[in-house]
Amino acid sequence: MSERDPKSSSQDLTAVVQTLLQQMQDKFQTMSDQIIGRIDEMSTRIDDLEKNISDIMTQAGVEDLEEEIKVTETSGTV
């Protein structure tokens, strides 16, 4: 049974650990990029949804009704 050089074993272990850490970092970066992409997509979709709701409210005349309610509430008359 031949004994391995402790320095060589240590270097091998270091190389394996560095490789694993690099793989983990690559996977983390990929996941992070995907999450940021999805957040950006959701933000765009929310903006579109808010615009559509605003357009629908304008078409339905709801904004005028909301202003009347606010004026009534602040003046104290119901």
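The values are calculated or read from the model by the stated rules, or taken from the named source; none is laboratory data. Remember, it's a predicted structure, so these values are computed and weren't measured experimentally. Ligands, DNA and RNA are excluded from the accessible area calculation, which covers all protein heavy atoms including side chains. Shrake-Rupley method; radii C 1.70, N 1.55, O 1.52, S 1.80 Å.
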ask   = If we keep just the residues of the stretch 1-25 that are of a type in the set (Asp, Glu) and open to solvent by 80 Å² or more (accessible area, probe 1.4 Å), which is modelled with the lowest pLDDT?
value = 3
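Yes/no per residue for (1) modelled with pLDDT under 90; (2) open to solvent by less than 100 Å² (accessible area, probe 1.4 Å):
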| site | (1), (2) |
| --- | --- |
| 30 | no, yes |
| 33 | no, yes |
| 40 | no, yes |
| 44 | no, yes |
| 47 | no, yes |
| 58 | yes, yes |
| 61 | yes, yes |
| 68 | yes, no |
inquiry  = Take residue 72 and tell me if it is open to solvent by less than 90 Å² (accessible area, probe 1.4 Å), at pLDDT below 95 and of a type outside the set (Asp, Glu).
reply    = yes
